[in-house]
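The values are calculated or read from the model by the stated rules, or taken from the named source; none is laboratory data. These numbers come from a predicted model, not from an experiment. Cβ atoms come from the backbone with ideal geometry, glycine included; neighbour counts cover every protein chain shown.
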Amino acid sequence: MPLHYIIDGYNLLNNPSFIRAVKPPENSRQGLIDFIKIKKNQKNKITVVFDGYPDILHERLDEPGMNIVFSRDKSADDEIKNILEASARPKDAIVISNDREILSFAKSMGARFLKVEEFVDPDSGKKHRQIKDAETKPGLNFTEISRINNELRKIWLK
């Protein structure tokens, strides 16, 4: 079953990891669309949601296989929520955003989500998890742990 990527356009476009990776022209929605075209799997559905209205005079954002949505009088967040609510299979959706409210909503609908950094550089999430795992693993071996526990028992369990 193909996945449906729902992308918070300006959230991705203005993210430092996207700017570093792509170096798009300032506020270039077309640069974002081109980046997504390169990354996407042809069988997946893509919806990119932007706040506001399209700039019809200066920019044309038509892309085969990609749905470009402008939220007009409401926020892109509300439009993303509407898309998820209208979806027949929200569990096949993957929301791309760093907005906590959107990610929480996606999770409540059974949809998956990726933070912008993970979408831009899939290895970044793995690196972050590895660092976090290394920080939480105890630096003591079993013998040291046992010795410390015995000392604490002597002090606290007299």
Residue match in the stretch 97-108 (condition: in a helix (DSSP H, G or I), at pLDDT 85 or above and polar (S, T, N, Q)): yes
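Which is modelled with pLDDT under 80 and over 17 Å from the mean Cα position of the chain (by Cα), of SER75, SER28? Reasoning before the result, please.
On the way: SER75 fails: modelled with pLDDT under 80.
None of the other options fit; the residue is SER28.
If you take the residues in the stretch 71-96 that are in contact with an Asp or Glu (Cβ under 8 Å, 6 or more places away or on another chain) and in a helix (DSSP H, G or I), which one is farthest from GLY52 (Cα to Cα)?
Taking the stretch 71-96 and keeping what is in contact with an Asp or Glu (Cβ under 8 Å, 6 or more places away or on another chain), we get 71, 75-77, 80, 95-96.
Adding the requirement that they be in a helix (DSSP H, G or I) leaves 76-77, 80.
Working: ALA76: 8, ASP77: 11, ILE80: 13 Å.
In this case the residue turns out to be ILE80.
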Result of the Cβ filter at 7 Å on the stretch 98-117, keeping first residues that are at positive phi and partners that are buried (at least 18 other Cβ atoms within 10 Å of the Cβ), at least 6 apart or interchain, is GLY110/PRO90
